[in-house]
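Right, one structure below, let's go through it.
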Amino acid sequence: MSNAFFKVPVPKNEPVLNYAAQSQERAEIKKQIAAMKSEQIEVASVINGQTVYTKKVHKIRPPHELNHVLGTYHQGNSQTVEKAIKAALVAKKDWENCSWEHRAAVFLKAADLLSGKYRPIINAATMLAQSKNVYQAEIDAACELADFFRFNAYFMQQIYADQPISSPGVWNRLEYRALEGFIFAVSPFNFTSICANLAAAPALMGNTVVWKPSETQVYSAKVIMDLFKEAGLPDGVINMVISDPIETGNVAFNHPDFAGLHFTGSTRAFQSMWQTVGANIGKYKTYPRLVGETGGKDYVIAHSSANPQAVGVALSRGAFEYQGQKCSAASRAYIAKSIWPAVEKQLLADLADMKMGTVENFGNFINAVIDEKAFDKISAYIAAAQKDKNVKVIAGGNYSKKEGYFIEPTVLVVKDADYVTMREEIFGPVLTIYVFDDKKWDNVLELADKGSPYSLTGALFATDRLVIEKAAQALRHSAGNFYINDKPTGAVVGQQPFGGSRASGTNDKAGSLLNLLRWTSPRTIKENFVPPVDYHYPFLKK
Ligand code: NAD
């Protein structure tokens with residue numbers, strides 16, 4: 001047992017490397033990409049530190065280069081999930097009793113490994129298998145993930161330091177226990193950092209985890225498991241299962257020791273999980289914690305006083321970075337008529353300059369969307385818009401899945417502010433714009449607030465201070481992350497805690513103290529130094 005109050009180093013955001021021509025990082029990542037393309041990896045579930053191969057294998061291909069094979073992944077089944085749950089429950093005792101500074105040390109070491117030798121590995125895996133350009137991979141897989149680890153260790157210390165007051169003769173204490181049972185982490189394809197954090201945040205707080213990554217993120221998921229191992233995470237603390245989502249959910253949600261769900265993904269998937277948990281509530285030993293960060297229909301709203309160039313750039317970056325496959329991506333915009341010509345000019349100039357293609361050519365800003373299902377869904381929205389008389393396609397509109405799942409950044413201008421692409425999450429490179437009469441500002445605030453069921457991110461552009469103040473109030477519940485004169489994407493750990501409400505999730509703010517609180521169950525301890533030895537209270541005396 002330690003005999004001192006240790007302090008976690010004060011975290012700083014990991015510096016983002018720029019990969020400029022001739023830079024060392026550029027040479028390193030190019031070498032790493034070449035190495036990964038010259039070999040084929042095998043990815044499989046990892047249970048209690050052991051890799052579990054199966055006979056059911058699938059090929060891993062870069063979404064932007066479909067005739068190349070990066071490797072294969074082995075798909076498990078319900079027995080794989082059962083084994084993973086068992087391993088998590090066995091590992092639980094030692095891990096929750098492990099003192100907090102040692103748990104913190106594992107993840108602080110993982111962060112340092114990411115800043116160093118794992119940086120090109122995790123970035124190249126994310127670039128190749130999730131089709132991210134080098135900068136998008138760097139801000140996600142290396143930097144945001146290192147930030148999650150360092151900041152969470154710091155927040156954990158802050159939580160543990162929070163203690164109740166005591167009265168004379170009594171010492172009150174609060175102990176922050178792990179939850180009883182296992183945590184089920186289910187992650188999306190689009191952010192390597194989010195995927196790792198969904199498993200790591202509960203583990204940091206002393207929980208053990210069964211983690212199911214998306215089948216389109218398994219390459220970088222393997223790198224994450226390698227990283228955890230090298231950082232010294234004991235076997236069984238995080239068990240990765242690669243298996244069918246419904247089959248996995250059926251086992252996890254029917255288990256009496258299911259203690260919590262840490263989910264990021266679509267609203268539809270989270271709602272179906274919540275329903276299953278609700279139906280099974282009598283089966284569990286404890287009320288499970290349900291944390292879900294889900295979809296978005298993120299807006300940009302620009303007042304006539306806004307700087308049109310800034311609005312144009314916020315739209316081109318905010319809507320199209322990573323092909324619009326960010327939960328925070330700008331996908332609907334309301335622009336005042338008086339500034340629209342200048343905004344349109346800037347936006348179209350940016351789009352005309354953006355190149356689309358593989359991730360290996362660093363000149364490409366746009367790469368492929370994740371898979372055929374996403375391609376078909378997104379292109380169906382575009383095809384329907386092209387046939388609609390009330391919609392004008394002012395940029396893009398072409399798509400092809402011959403060599404990779406490529407969709408041009410597409411901008412729709414609609415006459416109807418309630419058109420389907422103004423309401424539904426498309427999760428691809430499609431931005432819909434509604435140009436409004438400057439005098440209708442109040443109505444447009446209402447549209448931004450109520451125009452979709454989501455409430456994740458939103459960006460207000462204006463220079464008139466009173467307009468900013470009133471709009472920020474009117475839009476209070478429209479976004480969990482609200483930006484003034486900035487694009488609605490790019491939240492940084494420790495700076496803009498991330499998450500939304502309404503159909504966008506439980507708003508437990510990933511990468512913040514608030515999120516970690518969901519993974520602990522406090523025990524209050526009252527110690528009485530002078531217990532009474534006579535039952536009589538003074539008022540009973542004559
Ligand atoms: P998805 O919902 O299709 O899949 C997410 C994960 O859930 C995958 O691992 C999938 O296999 C699993 N899954 C799906 N249905 C399931 C079920 N019934 N039972 C158990 N597991 C199930 O999402 P995706 O396409 O991977 O990611 C895109 C979505 O994620 C978008 O809606 C996006 O807005 C959202 N997202 C939200 C945030 C946020 O912070 N709010 C961040 C990233 C992504």
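The values are calculated or read from the model by the stated rules, or taken from the named source; none is laboratory data. If you're wondering where the values come from, they're calculated on a predicted model, not measured in any experiment. Using ideal geometry, Cβ is built from the backbone for each residue, glycine included, and neighbour counts are taken over all protein chains shown. Side chains included, ligands, DNA and RNA excluded: accessible areas come from the protein's heavy atoms. Shrake-Rupley method; radii C 1.70, N 1.55, O 1.52, S 1.80 Å.
Among the residues of segment 431-444, are any among the hydrophobic types (A, V, I, L, M, F, W, C), in contact with a Gly (Cβ under 9 Å, 6 or more places away or on another chain) and open to solvent by less than 30 Å² (accessible area, probe 1.4 Å)? Spell out the reasoning first.
First, pick out the residues of segment 431-444 that are among the hydrophobic types (A, V, I, L, M, F, W, C): 431, 433, 435-436, 441, 444.
Restricting the remaining residues to those that are in contact with a Gly (Cβ under 9 Å, 6 or more places away or on another chain) gives 431.
Retained after the next criterion (residues that are open to solvent by less than 30 Å² (accessible area, probe 1.4 Å)): 431.
Looking for residues that are among the hydrophobic types (A, V, I, L, M, F, W, C), in contact with a Gly (Cβ under 9 Å, 6 or more places away or on another chain) and open to solvent by less than 30 Å² (accessible area, probe 1.4 Å), one finds at least one in segment 431-444, hence yes.
Restricting the search to segment 185-210, which residues are assigned to a strand (DSSP E or B) and within 9 Å of the ligand (Cβ to nearest atom)?
Here is the first cut: in segment 185-210, the ones assigned to a strand (DSSP E or B) are 185-186, 209-210.
Correct list: Val186 only.
Quick one: how many residues across segment 213-231 are within 16 Å of the ligand (Cβ to nearest atom) and in contact (Cβ under 8 Å) with a residue 40 or more places away in the chain? Reasoning before the result, please.
Residues of segment 213-231 within 16 Å of the ligand (Cβ to nearest atom): 213-222, 224-225.
Filter once more, so that each one left must be in contact (Cβ under 8 Å) with a residue 40 or more places away in the chain: 214-222, 224-225.
Total satisfying the criteria: 11.
Report whether or not Val435 is in contact (Cβ under 8 Å) with a residue 24 or more places away in the chain, at negative phi and in the same structural domain as His303 (by TED's automatic domain parsing).
Answer is yes for this residue.
Can you pull out every residue in segment 247-287 that is more than 13 Å from the ligand (Cβ to nearest atom) and either crowded, with 21+ Cβ neighbours inside 10 Å or under 24 Å from Gln217 (Cβ atoms) (or both)?
His255, Ala259, Gly260
As an exercise: evaluate Pro234 against (1) within 13 Å of the ligand (Cβ to nearest atom); (2) surrounded by fewer than 23 Cβ atoms within 10 Å (Cβ to Cβ); (3) not basic (Lys, Arg) and give the number of the one condition it does not meet.
(1)
Conditions tested, residue by residue: (1) assigned to a helix (DSSP H, G or I); (2) touching a residue at least 12 places away in the same chain (Cβ under 8 Å); (3) within 21 Å of Pro497 (Cβ to Cβ); (4) within 16 Å of the ligand (Cβ to nearest atom).
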| residue | (1), (2), (3), (4) |
| --- | --- |
| Met127 | yes, yes, no, no |
| Phe148 | yes, yes, yes, yes |
| Ala153 | yes, yes, yes, no |
| Gln157 | yes, yes, yes, no |
| Ser167 | no, no, no, no |
| Arg173 | no, yes, no, no |
| Ile183 | no, yes, yes, yes |
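Right, Leu517: within 16 Å of Leu290 (Cα to Cα), surrounded by fewer than 19 Cβ atoms within 10 Å (Cβ to Cβ) and under 21 Å from the mean Cα position of the chain (by Cα) or not?
Yes, satisfied.
Exactly one condition in (1) of a type in the set (D, E, K, R); (2) within 11 Å of the ligand (Cβ to nearest atom); (3) open to solvent by less than 50 Å² (accessible area, probe 1.4 Å) is false for Asp244; which is it?
(3)
Just need a number here: residues in segment 290-313 that are open to solvent by less than 10 Å² (accessible area, probe 1.4 Å) and more than 16 Å from the ligand (Cβ to nearest atom).
Matching residues across segment 290-313 total 6.
What are the residues in segment 315-341 that are away from the ligand (no atom under 16 Å from the Cβ), among the hydrophobic types (A, V, I, L, M, F, W, C) and either open to solvent by 10 Å² or more (accessible area, probe 1.4 Å) or modelled with pLDDT under 95 (or both), if any?
Ile339, Trp340
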